[in-house]
Amino acid sequence: MAAALRGSGARFRWWLAAAAAGGVRGAAGQRDYDLLVIGGGSGGLACAKEAAQLGRKVAVVDYVEPSPRGTRWGLGGTCVNVGCIPKKLMHQAALLGDMVLDARHYGWEVAEPVPHSWKKMAEAVQNHVKSLNWGHRIQLQDRKVKYFNGIASFVDKHTVRSVTKDGKEALLSADHIVIATGGRPRYPTHIEGALEYGITSDDIFWLKESPGKTLVVGASYVALECAGFLTGIGLDTTVMMRSVPLRGFDQQMSSLVTEHMASHGTRFLRGCTASRVRRLPAGRLQVTWEDRTSGKEDMDTFDTVLWAIGRVPETRSLNLEKSGVETSPDSQKILVDSRDATSVPHIYAIGDVAEGRPELTPTAIMAGRLLAQRLFGQSMALMDYDNVPTTVFTPLEYGCVGLSEEEAVAHHGQERVEIYHAHYKPLEFTVAERDASQCYIKMVCLREPPQRVLGLHFLGRGAGEVTQGFALAIRCGASYAQVTRTVGIHPTCAEEVVRLRISKRSGLDPTVTGC
C-alpha cells in the first residue's frame, strides 16, 4: 500500500475517494490490519504486542513532535523517554548522594567534598533510555508488528493517514483502531516569556549541561519529583506553588512530603504565581511573580525555569472529527466507556488520552493488554481502575493505594471512618543520625467490623516496594485485623504497617493488648 501511495497524485486521490466511501480495503475486500494502534507509548505498545501474540495483523503509528526547545526522543512514550525511567534513575542519583553522607557514620572514610557530574549522569541515563528505544523496535519486529514513524490523522472511521517527517504519506485501514497518544506538558502561554525561555519534563532529562539554579513552577508529582532530585544532587532549587501540593493525594501526607523537602534544602514559594520571564544580557532568567496573599510583587534570577503545571492530551493532530470520536469539552480527552470504547464502537482509547483514567504507566499497560485479549482472545475481563497503587518518588518517597482520608470521609462520612497511623524511625536512620520526623504511615479503614481497609499511605524509603505488596491485600478486601495479624519481616519499614495500633479517633486500639 505504501508503494502505491508513492505513485501518481491521481492514484492517491483514488485512495482518498475510497476512504471517504467507507474505508480503504484490499483486493479481497479486507482492510490492511486487524488492529491499528496510534501511539508508541506503554499502553499502545502493550496492546499491539498482545494482539500480535494472539495471531493478528497489527500496525503501530507513532511520531514524537519535538518540544518547543527542540528535544526529541525515540519509541516508548513518556514513561521510557521523559518520565518514569529517567526520573527514577535521577532520583537514585540523588539518593546515592545521601548515602555517601550516611556512609561516614558506618565507618567509610569518604573525602569531602564529593562532587556530582550532571553530564556524566545525564549521559548514562540517556544511553539507557536509547537502549530501551531499540529494544521496543526489536520487540515489534519479532512479533511482526508493522511500525510507521509518522504523524497519524483520521481520514474516516476505519482509515488513518500516516505522514513521515519528510512528507511521505501512507493510508492505513484497520478493523479496530486504538488511540494511545498520551499527553504532553502544558505551557502557561499567558505568561510573558514562558514558552520562549522555559522548559518542561520533556527537556530536563535530555539536558547536556546542568540546569543550575532552577525554579520549578507547579506542585504536581512531576514538579516535586524533579525538584527533589535537583536539590539532592546539590542544585539550588525553588518550587513555586499556587495552591496545595499533590492535589488529589492525601493532603496530610502531601504536607509531610513538602516539609521533608523544605528541611533538606528545597525552597518553597507558597501561594505565588509567575507573571513574567525575561532573559538578562548575561543569559540568566529573571522571573517576576505575585504573592497572592499579600498582593506584592517579587523577583529573582535563575538559570532554568521548569514548568510542571499539568499535561494536555495529544489529540490535536488526530483529526478526530473525521472519525466521529467525541472528546470532553473541558479536558479535550477522549470519552470512553468501561470497555475503553469511544463513541465509535470499533475505535478505542487507553492511557492518559482517555477521560477519567489514571495517568499511570502500569494502568495503560494492563488496559492495553486486556483490550487486545477482549478483541482477539477469549477474555471478557475489564480493566479495574479501583485501588491502583502508585508512588511519588520525592526524596522521602510517598506510596499509596486506595482512598485518601479526605476521599474516605467524603464517600462514607466522618463517623464511619477509622484512621490508624504511626510515625516510625527506619533502623538505617539511627546510626546515620537522620531525622525521621516525616516517616509516617496511615491506614484508612471503615469503622464497623470487620474494618475493611480502604486505603494505605506510606511515607519513607522504599515506599513503592512496600505499597506494591499491600496493594494486593487491599484489592482482595483485607480487613484491619487481617493486616495487623500478619507477621512482619524484621527489621524492615514494611513491618511498621502490620504494627499499626493507634487510632486518630480513640488513641490506642482497645482490641490489642501487649503493645
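Among the candidates Ile334, Ile347, the residue that is under 23 Å from Ala180 (Cα atoms), in contact with a Leu (Cβ under 8 Å, 6 or more places away or on another chain) and among the β-branched types (Val, Ile, Thr) is uniquely Ile334. The set of residues in the stretch 313-333 being in contact (Cβ under 8 Å) with a residue 40 or more places away in the chain, touching a strand residue (DSSP E or B) at 6+ places or on another chain (Cβ under 7 Å) and part of a loop (DSSP other than H, G, I, E, B) consists of Glu314, Thr315, Asn319, Ser323, Val325.
Is it the case that Gln92 is assigned to a helix (DSSP H, G or I) and either touching a His at 6+ places or on another chain (Cβ under 6 Å) or open to solvent by 20 Å² or more (accessible area, probe 1.4 Å) (or both)?
Taking the combined requirement at face value, the residue satisfies it.
Does Glu225 meet the test of being out of contact with any Leu (no Cβ under 9 Å at 6 or more places or on another chain), of a type in the set (Asp, Glu), under 30 Å from Leu454 (Cβ atoms) and modelled with pLDDT of 95 or more? Considered against the rule, which asks whether it is out of contact with any Leu (no Cβ under 9 Å at 6 or more places or on another chain), of a type in the set (Asp, Glu), under 30 Å from Leu454 (Cβ atoms) and modelled with pLDDT of 95 or more, Glu225 comes out as yes. Note on the stretch 23-57: residues that are open to solvent by less than 40 Å² (accessible area, probe 1.4 Å) and at pLDDT below 60 total 3. Pairs meeting the criteria (first residue in the stretch 485-509 and within 18 Å of Pro450 (Cα to Cα), second residue buried (at least 16 other Cβ atoms within 10 Å of the Cβ) and of a type in the set (Gly, Ala, Ser), beta carbons under 7 Å, at least 6 apart or on different chains) are Asp509/Ser503.
Return yes or no: is Val110 free of Cβ contacts under 8 Å to residues at least 24 places away in the same chain, in a loop (DSSP other than H, G, I, E, B) and open to solvent by less than 60 Å² (accessible area, probe 1.4 Å)? When the stated conditions are applied, Val110 passes them.
Of all residues in the stretch 368-388, those that are without any contact (Cβ under 8 Å) to a residue 40 or more places away in the chain have Cβ atoms under 9 Å from Cβ atoms of residues that are assigned to a loop (DSSP other than H, G, I, E, B) and open to solvent by 50 Å² or more (accessible area, probe 1.4 Å), 6 or more apart or on another chain, in Leu370/Leu382; Arg374/Arg339; Arg374/Met380; Arg374/Leu382; Tyr385/Gly356. If the condition is being in contact with a Ser or Thr (Cβ under 8 Å, 6 or more places away or on another chain) and open to solvent by 20 Å² or more (accessible area, probe 1.4 Å), then the stretch 159-168 contributes Arg161, Val163. Residue by residue through the stretch 334-348, note down the ones that are touching a residue at least 24 places away in the same chain (Cβ under 8 Å) and crowded, with 19+ Cβ neighbours inside 10 Å. Selection gives Ile334, Asp340, Thr342, Ile347, Tyr348. For the stretch 116-124, the condition holds for no residue, the condition being that it is basic (Lys, Arg) and either outside any helix (DSSP H, G or I) or surrounded by 16 or more Cβ atoms within 10 Å (Cβ to Cβ) (or both). Every condition in (1) in a loop (DSSP other than H, G, I, E, B); (2) surrounded by fewer than 23 Cβ atoms within 10 Å (Cβ to Cβ) is met by Leu171 except one, and the failing one is (1). Among the residues of the stretch 259-277, the one identified as under 17 Å from His423 (Cβ atoms) and either surrounded by 17 or more Cβ atoms within 10 Å (Cβ to Cβ) or free of Cβ contacts under 8 Å to residues at least 60 places away in the same chain (or both) is His260. Across the stretch 209-226, the qualifying residues are those that are closer than 21 Å to Arg278 by Cα and among the hydroxyl-bearing types (Ser, Thr, Tyr), and the one among them that is most open to solvent (accessible area, probe 1.4 Å) is Ser210.
Tell me, which helices (runs of 4 or more DSSP H) wholly within the stretch 176-258 include 2 or more residues that are more than 24 Å from Val129 (Cα to Cα)?
194-197
Could you tell me whether the stretch 135-157 includes any residue that is in contact (Cβ under 8 Å) with a residue 24 or more places away in the chain, open to solvent by 60 Å² or more (accessible area, probe 1.4 Å), part of a helix (DSSP H, G or I) and within 25 Å of Ala367 (Cβ to Cβ)? There is at least one residue in the stretch 135-157 that is in contact (Cβ under 8 Å) with a residue 24 or more places away in the chain, open to solvent by 60 Å² or more (accessible area, probe 1.4 Å), part of a helix (DSSP H, G or I) and within 25 Å of Ala367 (Cβ to Cβ).
Does Ser173 satisfy being under 28 Å from Gly43 (Cβ atoms) and in contact with a Gly (Cβ under 7 Å, 6 or more places away or on another chain)? Taking the combined requirement at face value, the residue satisfies it.
The values are calculated or read from the model by the stated rules, or taken from the named source; none is laboratory data. These numbers were taken from a predicted model, which means no experiment stands behind them. As a convention, Cβ positions derive from the backbone with ideal geometry for all residues, glycine included, and neighbour counts pool all protein chains shown. The accessibility values were calculated without ligands, DNA or RNA, using every heavy atom of the protein model including side chains. Shrake-Rupley method; radii C 1.70, N 1.55, O 1.52, S 1.80 Å.
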